[in-house]
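K.L.:
Sharing a structure here in structure tokens format.
Where a number appears in this text, it was derived from the coordinates with a stated rule and is not lab data. Computed from a predicted structure; not experimentally measured. Backbone-built Cβ (ideal geometry, glycine too); neighbour counts: all protein chains shown.
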């Protein structure tokens, strides 16, 4: 794993999540898939990638790899969500309990 040197340790922790979301990260995953079903996510990431690669100053290879990795992460989260909690029965903001 690539770690940026010189950053404080807290940079290795979630920065955009609330305490509640850290305690129940499935709510974030559920909210994401409620807002962006997989086909819609793919269109958004494709548009983002095309926009990023049209910039002559960008690192196109990095952007392609990054978008592929984010897509794989999202698809893995989707599979985990459906595997553990049933398919397509989750509403936005719903907290899941085992």
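K.L.:
Treat each spin label as a single point 7 Å out from the Cα along the C-beta direction, and report the residue 51 to residue 20 distance in nm.
P.N.:
2.9 nm
K.L.:
Fewest first, what order do 26, 4 take by the number of other Cβ atoms within 10 Å?
P.N.:
4, 26
K.L.:
Name the shape class, rounded, prolate or oblate, that the alpha-carbon gyration tensor gives for segment 1-75, where a ≥ b ≥ c are the square roots of its eigenvalues, rounded holds for a/c under 1.5, and otherwise prolate holds if a/b is larger than b/c and oblate otherwise.
P.N.:
oblate
K.L.:
Between residue 75 and residue 7, 0.36 nm times their residue separation minus their Cα-Cα distance comes to what?
P.N.:
21.5 nm
K.L.:
Quickly rank 59-68, 29-38 as a protection proxy: mean count of other C-beta atoms within 10 Å, highest first.
P.N.:
The peptides rank, most packed first, as 29-38, 59-68.
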